[in-house]
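K.L.:
Once you've had a glance at the structure underneath, I'll fire off some questions.
The values are calculated or read from the model by the stated rules, or taken from the named source; none is laboratory data. Nothing here was measured: the structure is a model prediction, and the numbers come from that model. Virtual Cβ from ideal backbone geometry, glycine too; neighbours counted across all protein chains shown.
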Amino acid sequence: MPPSGMNHILRGAAFSAIVLLIPGAIGGGMGHAADHAVEGAPQPDDELDTDQDPSLVLAEVEVKGKRDAVEVDPVRSRTTVTGRELNRRQADNVFTVLQDTPGVATDGGPLMGGMKFNIRGFNDTEDVLLKLDGAVRNFEKYRSGSGVFIEPELLKEIEVTRGPAGVLQGSGAIGGAVEMRTKDAADLLRPGERFGARAKSGFSSNNMETLVSGSTYGMAFGALDLLANVTWRDSDNIRTASGNELPNSTSNRLSGLAKATYRWRPSTSLSLGETYLQEETLQPFDATIGIPGVFGFVRRAVADSTSTANLEYTPASPLLSRWITLKGAAGYTSTSVTDSDRQSARGIPILDSPTNFWDYRIATFNVTNTTALRVGPILNTVTYGVQYNRNARETTTERLNPGTRRRETVDNLSQPSGTRAFLAYMIENRLDVGHVSLTAGLRHDTYKTEVDAQETRDLLRAEGRSPVIEFGKTAPAAGIAWNMFGGPLTAFYNYAEAFRPPLVDEYFTQGPFSRCNRFLFGRLAPDSGVCGDRYVPQTARNHEFGLSLSYPGLFAPGTLLTAKVVYYRIHVAHTLYSLMARTATGARCEPFNFSLPNRICTSFTQDGEEYRQGLEIEMGFRTDHWFSNLALSGVRGKQVCEGERDLFDIPGDTLVFTVGRSDLGHRLEYGYRIRAVDSRLVITGSTAQVTAPCAAGLIIGRQAGYVVHNLFASYQPYDWLSLNVAADNVTNTRYFLNNGFGGGIGQEAPGYNVRFFVTLSY
């Protein structure tokens, strides 16, 4: 990171830290006010049992024994957004919740189907591992988002890991992982209740969105936890701060959750769940909406479901429980997207336009066991397991045959049908000796990718090539943490290797989307135009250095200061976009550049590199009534591919500060949040000649930064009634989102929006 950029971040952190402590210090003097706590709420001293909680807790006040809003792992780049924060946000998608986490941004939007995560500058949909109750649910479609078709009303927490996914989490994701967990009946039942029901209604002023949600839940036979939920959202077009409507940005979404959990004793349970979402609206073909409507509009129908089973088992015997702590997860995700009734950018129907179908079927299986043995002051914990994932995609197009004048269904060869599967074995060992923890892990994956489109298979076989590509990869990880002299400060270092295999698209696409064409590869280009095994997996190495602090009772009893700072460096090798042909001299081959003396392509290379470094800061301070949080992050990088250039399309430096207070026995909460984002590098044009594959010749400029102010409040006058209000972009600031495709300036963001919600519990 350039010194000027680093100094800018550090100055901002110092200023924000001072601001952060002011309301906390005021609240510390008010911590003994004569407010009466809600029945069942923990007292301040009970909230600070940090010895029993492996994670730092950002400064929030618990209500009725519920968890805090944001929890931070003290030695890893991992943050959990709990149900309390989800309830405060009242968001209509998970992206706007997580974008205030350090190192996390949202690309694309504002439609949910066009959004995807950008973690530490990695913004391809396949760079981030997505899970729902343990089921992998990654989705890839041209000019689309990550396919996170999840209703936030169904979630109780979201955990985001920044940097390569852990040894035990999964493979193929070099940017990070987002793991979502759905609600249980226990999350909704009040103390002493065995059955309940909840009805919720809401309204958003910007797009006139209406929300209706109903839940019923209960505990049967003393051990069976049951929950059912149905949620419906309906809206008009989104309005920007300029007062313009985004055409065809409506929503009409129906979703649901059914879940049963049987707990026959503590730490032993079996949970079965099913989530469902469906929506059908007229939308921009380019769901990321870089330029609204430029590619026309389609009627997009989405049907998405995820079935999961989760098992936790620990023997009742203390002797056996040291050896066996079993966790298993199985899941099946089905996602179908249909684009039909194509219209032009002016909304004029295109006669005889094709209908495109994408159908994903993803099966997941994961089982681990943990053995923890103590010998005197030494505790050794080893976790080992196996993972399996199979991602099958079928893509077809229904089009008019000009010869027969009949519609026929054919394979989509630019995004061919195919299957990618992996089987992995992993082990992670943690050794705790006094105040020092040493962690080492190893993961080995065997991948198999196969194209299913018959025409592509026939072309490959005609060339003597296989439609199946297999390889194995081993990824190590290690870490060390030192709790300094048993005090509030912990220093840590983590190292991890990861890889990202090519997609079915990248391996087997044909036509203009393939890199292996004669324009780029000359005589080396196969007749099929399919790259296949010319690609090798992209690899990454990640180093993290950090300090974390947890200081209870700093100013007064019942106060807690938490802080964490992480500096990271990431080296990416064999970037997929750097696949190219070279001449005998090692120069990039340009077979149709007749001004060159040597235009003969003789070999393939994929030697592109990327370097990233960044800083992430999380701070929080709380008293019995005040809470305040700070999140600060910045990333810089360079691309090495036929020369060096700054990485563009990475997030701007971001600062998010939240301050709030609770009163009336914690029944009333209100607060303020500011989100400040610095300018960032984007594509603003190109020279006469843009050189593939390294995209040399692009003109890189800056997308302006912005500052957005938000307000929130909630009030629970009775146990059965809750009122929430949130005001987003209260100053109606005009700014632009990050583009979700191509690296340019994104769509203008939504303007001022006030959201009201009423919840009745029975």
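K.L.:
Out of the residues in the stretch 160-213 that are in a loop (DSSP other than H, G, I, E, B) and of a type in the set (Ser, Thr, Tyr), which is surrounded by the most Cβ atoms within 10 Å (Cβ to Cβ)?
P.N.:
Per the stated criteria, the residue is Ser171.
K.L.:
Please find, among Arg76, Arg89, Arg120, Arg143, the residue that is basic (Lys, Arg) and either in contact with an Asp or Glu (Cβ under 7 Å, 6 or more places away or on another chain) or over 30 Å from Arg622 (Cα atoms) (or both).
P.N.:
Testing whether each residue is basic (Lys, Arg) and either in contact with an Asp or Glu (Cβ under 7 Å, 6 or more places away or on another chain) or over 30 Å from Arg622 (Cα atoms) (or both) leaves just Arg143.
K.L.:
Regarding the stretch 327-343, can at least one residue be identified that is part of a loop (DSSP other than H, G, I, E, B) and surrounded by 13 or more Cβ atoms within 10 Å (Cβ to Cβ)?
P.N.:
no
Rundown of residues vs (1) in contact with a Leu (Cβ under 7 Å, 6 or more places away or on another chain); (2) hydrophobic (A, V, I, L, M, F, W, C), yes/no style:
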position: Trp358; (1), (2): no, yes
position: Thr368; (1), (2): yes, no
position: Thr371; (1), (2): no, no
position: Pro377; (1), (2): no, no
position: Gln387; (1), (2): no, no
position: Arg393; (1), (2): no, no
position: Thr397; (1), (2): no, no
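K.L.:
Restricting to the stretch 733-756, and then to whatever is of a type in the set (Phe, Trp, Tyr) and not in a loop (DSSP other than H, G, I, E, B), can you tell me which residue is nearest to Phe712 (Cα to Cα)?
P.N.:
Per the criteria, the residue is Phe756.
K.L.:
Okay, next question. So Phe513 ticks every box in (1) aromatic (Phe, Trp, Tyr); (2) more than 20 Å from Met580 (Cβ to Cβ); (3) at pLDDT below 95 but one. Which box is left unticked?
P.N.:
Result: Phe513 passes all but (2).
K.L.:
Okay, moving on. Kindly indicate which of Ala749, Ala676, Ala713 is under 24 Å from the mean Cα position of the chain (by Cα) and surrounded by fewer than 19 Cβ atoms within 10 Å (Cβ to Cβ).
P.N.:
One residue alone meets the criteria, Ala676.
K.L.:
Given the structure, is Asp304 surrounded by fewer than 16 Cβ atoms within 10 Å (Cβ to Cβ) and part of a strand (DSSP E or B)?
P.N.:
no
K.L.:
Got at least one residue in the stretch 459-466 being at pLDDT 95 or above and in a strand (DSSP E or B)?
P.N.:
No, the stretch 459-466 contains no residue that is at pLDDT 95 or above and in a strand (DSSP E or B).
K.L.:
Restricted to the stretch 630-657, and to residues that are touching a Phe, Trp or Tyr at 6+ places or on another chain (Cβ under 7 Å) and of a type outside the set (Lys, Arg), which residue is surrounded by the fewest Cβ atoms within 10 Å (Cβ to Cβ)?
P.N.:
Per the stated criteria, the residue is Gly637.
K.L.:
For the condition in a strand (DSSP E or B), of a type in the set (Gly, Ala, Ser) and either touching a Gly at 6+ places or on another chain (Cβ under 6 Å) or more than 22 Å from Leu130 (Cβ to Cβ) (or both), what is the one hit in Ala372, Ala363?
P.N.:
Within the list Ala372, Ala363, the selection yields Ala372.
K.L.:
Further, regarding this structure: So, in the stretch 346-374, of the ones that are touching a strand residue (DSSP E or B) at 6+ places or on another chain (Cβ under 8 Å), among the hydrophobic types (A, V, I, L, M, F, W, C) and over 18 Å from Glu428 (Cα atoms), which residue ends up surrounded by the most Cβ atoms within 10 Å (Cβ to Cβ)?
P.N.:
Of everything passing the filter in the stretch 346-374, Trp358 is surrounded by the most Cβ atoms within 10 Å (Cβ to Cβ).
K.L.:
Which strands (runs of 3 or more DSSP E) does the stretch 598-698 wholly contain that include 3 or more residues that are of a type outside the set (A, V, I, L, M, F, W, C), under 30 Å from Leu549 (Cβ atoms) and touching a residue at least 24 places away in the same chain (Cβ under 8 Å)?
P.N.:
The strands (runs of 3 or more DSSP E) meeting that bar are 609-622, 626-640, 654-663, 668-677.
K.L.:
Suppose we filter the stretch 180-218 for residues that are at pLDDT below 95, more than 26 Å from the chain's Cα centre (by Cα), within 14 Å of Asp719 (Cα to Cα) and not acidic (Asp, Glu); how many remain?
P.N.:
Going through the stretch 180-218 one residue at a time, the tally reaches 4.
K.L.:
Which one of these does Thr106 not meet: (1) surrounded by fewer than 24 Cβ atoms within 10 Å (Cβ to Cβ); (2) touching a residue at least 60 places away in the same chain (Cβ under 8 Å); (3) in contact with a Lys or Arg (Cβ under 9 Å, 6 or more places away or on another chain)?
P.N.:
Just one mismatch for Thr106, condition (1).
K.L.:
How many residues does the stretch 235-284 contain that are part of a strand (DSSP E or B) and farther than 30 Å from Asp341 by Cα?
P.N.:
16
K.L.:
Residues that are in contact (Cβ under 8 Å) with a residue 24 or more places away in the chain and surrounded by 17 or more Cβ atoms within 10 Å (Cβ to Cβ): find the strands (runs of 3 or more DSSP E) completely inside the stretch 375-458 holding 3 or more of those.
P.N.:
In the stretch 375-458, the matching strands (runs of 3 or more DSSP E) lie at 378-401, 418-433, 436-451.
K.L.:
So, in the stretch 91-103, of the ones that are closer than 16 Å to His709 by Cα and polar (S, T, N, Q), which residue ends up surrounded by the fewest Cβ atoms within 10 Å (Cβ to Cβ)?
P.N.:
Step by step, filter the stretch 91-103, then rank; the result is Thr96.
K.L.:
Keeping to the stretch 488-518, report how many residues are part of a strand (DSSP E or B) and either touching an Asp or Glu at 6+ places or on another chain (Cβ under 9 Å) or closer than 18 Å to Thr605 by Cβ (or both).
P.N.:
Summing the residues that are part of a strand (DSSP E or B) and either touching an Asp or Glu at 6+ places or on another chain (Cβ under 9 Å) or closer than 18 Å to Thr605 by Cβ (or both) in the stretch 488-518 gives 7.
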